Amino acid sequence: SIVEFAGEGYDTIQTALGSLKMADNVEALIYTGSGSFFGQGNAGDNVIRGGVNRDTLMGHAGNDILIGGGGAANELHGGTGDDIYVITGGDTIIEYAGEGFDTVQTALSSFTLRLNVEALTYIGSGDFTGTGTSEDNVITGGAGNDTLAGRGGNDILIGGGGIDTASYANAASGVDARLNNGVARNDGDGGVDTLVGIENLTGSAFDDVLIGDAGNNFLSGGTGRDTLLGLGGDDTLIGGAGAPNQLQGGTGDDTYILTVNDTVVELAGEGIDTIITATLTGYTLGAHVENLTYTGAAAFTGTGNGLDNVITGGSGNDVLRGAGGDDTLIGGDGMDIAVLTGLRADYLIEQISGGWRITDTVAARDGVDLLYGVEAVRFGDGQILSATPAAGVDAGAGKDPGPQVQPALFETDVLDRLDAGPRWVAYGGHALTLPADEVGVLHTVDGWDWLS
């Protein structure tokens with residue numbers, strides 16, 4: 001037997017026995033065997049550590065620390081007091097109502113609290129997903145990029161280091177979460193959350209209000225009709241599928257990822273902002289938004305505004321319109337066409353490295369546009385010319401075989417070779433047949449066709 005009296009130091013038992021109950025005034029119990037172990041504490045504050053097999057640890061009274069150890073899943077019961085569970089695997093935690101304020105510490109990449117355990121702390125170094133219960137929880141992330149979800153109750157979500165997200169993706173109703181105030185006034189499950197060190201917000205499947213702060217925020221609305229406001233910083237706003245959303249990035253260089261035709265609000269002088277979509281087949285930039293990028297595979301029509309825009313197509317056959325300003329049009333893959341406003345004769349065309357510079361000589365109209373990866377240019381008078389550096393064949397009077405400083409003119413019923421490179425035939429509204437000894441592919445974009 002072990003006899004210890006109060007105040008006689010911090011004492012530890014190490015054992016390989018299959019079971020042991022700690023004597024009074026002994027503080028720690030460590031199992032050193034290889035089998036299953038049943039270890040019990042006493043009325044004091046104990047540290048009980050299991051081994052590599054399936055263990056059952058009971059703290060009883062006091063503020064205990066239970067460490068199940070590796071290997072098989074363990075059963076841990078802290079008892080009364082404010083207990084700490086150090087979890088390394090799929091352990092079962094048993095806590096009853098009124099048994100104190102209890103905490104799980106874990107280095108697992110994800111963990112969900114069970115009822116009557118109030119706190120969850122990540123002690124690892126990677127990215128962590130921590131989920132609470134309907135009770136009031138404190139969930140603390142680590143140094144990685146963590147995702148924390150309180151799930152009901154008045155929770156405190158503490159991100160720690162890294163770029164951390166408060167997630168309300170599984171909420172039962174709409175959410176109102178505001179990083180600038182550090183609070184989710186409605187967590188969608190009937191609670192009010194306190195947000196500390198949180199950079200990003202994920203909304204629910206319902207109508208949400210998500211507001212960022214002065215930093216760089218990632219706000220994702222979900223499938224409801226959402227209102228997202230980034231405020232300061234370079235924010236990314238995703239309205240989500242479903243009803244159109246209202247998105248306002250605020251100051252900074254903001255990115256809007258659209259799956260439906262959301263309302264995007266930007267004010268003058270609020271940075272260089274970009275629309276990205278993979279699902280819409282056409283989009284026109286609104287006021288004070290500079291850039292448009294299509295990442296899908298379908299044919300896409302992208303239109304700019306009066307600012308200096310960068311418009312980028314995808315892998316399909318795209319139609320790109322700068323619509324004023326000094327624009328950069330990037331076709332991407334597929335057979336792409338750039339559309340200009342004025343007559344062909346109004347433009348100066350220069351070949352530059354990797355593309356073309358087209359200057360509108362009429363003031364305050366198309367400006368100076370740069371074209372990359374664009375196969376053809378259509379002018380306001382209906383003329384189309386090839387925008388590939390290798391010149392080819394012209395299909396009609398007044399149409400150029402390629403953007404050249406000295407364009408050649410040809411009869412409408414004659415096909416002429418310009419060089420030994422690829423041949424291009426451009427036309428609008430009429431069929432055209434190559435001679436029998438030529439091979440071509442007919443391309444159609446926005447009602448205009450050409451052969452390559």
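The values are calculated or read from the model by the stated rules, or taken from the named source; none is laboratory data. Predicted model only: the values in this text are computed from it and were never measured. Cβ placement follows ideal geometry from the backbone for every residue including glycine, while neighbour counts extend to all protein chains displayed.
So, G71, is that one within 37 Å of the chain's Cα centre (by Cα) and surrounded by 13 or more Cβ atoms within 10 Å (Cβ to Cβ) or not? The answer is yes for G71. Under the condition of being hydrophobic (A, V, I, L, M, F, W, C) and farther than 19 Å from T293 by Cβ, the residues counted in the range 266-276 number 2. The condition of being modelled with pLDDT of 95 or more, surrounded by fewer than 18 Cβ atoms within 10 Å (Cβ to Cβ), at positive phi and in a loop (DSSP other than H, G, I, E, B) holds for only one of G98, G81, that being G98. Filtered by the rule that a residue be of a type outside the set (A, V, I, L, M, F, W, C), under 23 Å from the mean Cα position of the chain (by Cα) and in a loop (DSSP other than H, G, I, E, B), the range 292-331 gives T295, G296, G313, G314, S315. For the range 333-371, enumerate the residues that are touching a strand residue (DSSP E or B) at 6+ places or on another chain (Cβ under 7 Å), exposed (fewer than 13 other Cβ atoms within 10 Å of the Cβ) and part of a loop (DSSP other than H, G, I, E, B). Across the range 333-371, the qualifying residues are G354, T361.
Scanning the range 15-24 turns up one or more residues that are of a type outside the set (S, T, Y) and part of a strand (DSSP E or B). You will find that of V47, V86, the residue that is under 29 Å from D187 (Cβ atoms) and surrounded by 18 or more Cβ atoms within 10 Å (Cβ to Cβ) is V86 and no other. Counting only strands (runs of 3 or more DSSP E) that sit wholly inside the range 116-185, not one has at least 2 residues that are touching a helix residue (DSSP H, G or I) at 6+ places or on another chain (Cβ under 6 Å).
Suppose we keep only residues that are closer than 22 Å to D262 by Cβ and surrounded by fewer than 19 Cβ atoms within 10 Å (Cβ to Cβ) within the range 170-208. Which one would you say is farthest from the chain's Cα centre (by Cα)? Of everything passing the filter in the range 170-208, S173 is farthest from the chain's Cα centre (by Cα). Of the residues making up the range 1-44, those that are surrounded by fewer than 18 Cβ atoms within 10 Å (Cβ to Cβ), within 18 Å of T80 (Cα to Cα) and of a type in the set (S, T, N, Q) number 1. Scanning the range 312-332 for residues that are more than 18 Å from F379 (Cα to Cα) and buried (at least 22 other Cβ atoms within 10 Å of the Cβ) yields T312, G313, G314. Using the structure shown, decide if R114 is basic (K, R), without any contact (Cβ under 8 Å) to a residue 60 or more places away in the chain and surrounded by fewer than 23 Cβ atoms within 10 Å (Cβ to Cβ). It is true that R114 is basic (K, R), without any contact (Cβ under 8 Å) to a residue 60 or more places away in the chain and surrounded by fewer than 23 Cβ atoms within 10 Å (Cβ to Cβ). Where strands (runs of 3 or more DSSP E) fall entirely within the range 207-257, none has at least 1 residues that are touching a helix residue (DSSP H, G or I) at 6+ places or on another chain (Cβ under 8 Å) and farther than 21 Å from T147 by Cβ. When the range 260-270 is filtered for residues that are surrounded by fewer than 21 Cβ atoms within 10 Å (Cβ to Cβ) and modelled with pLDDT of 95 or more, the ones remaining, listed by number, are T263, V265, L267, A268, G269, E270.
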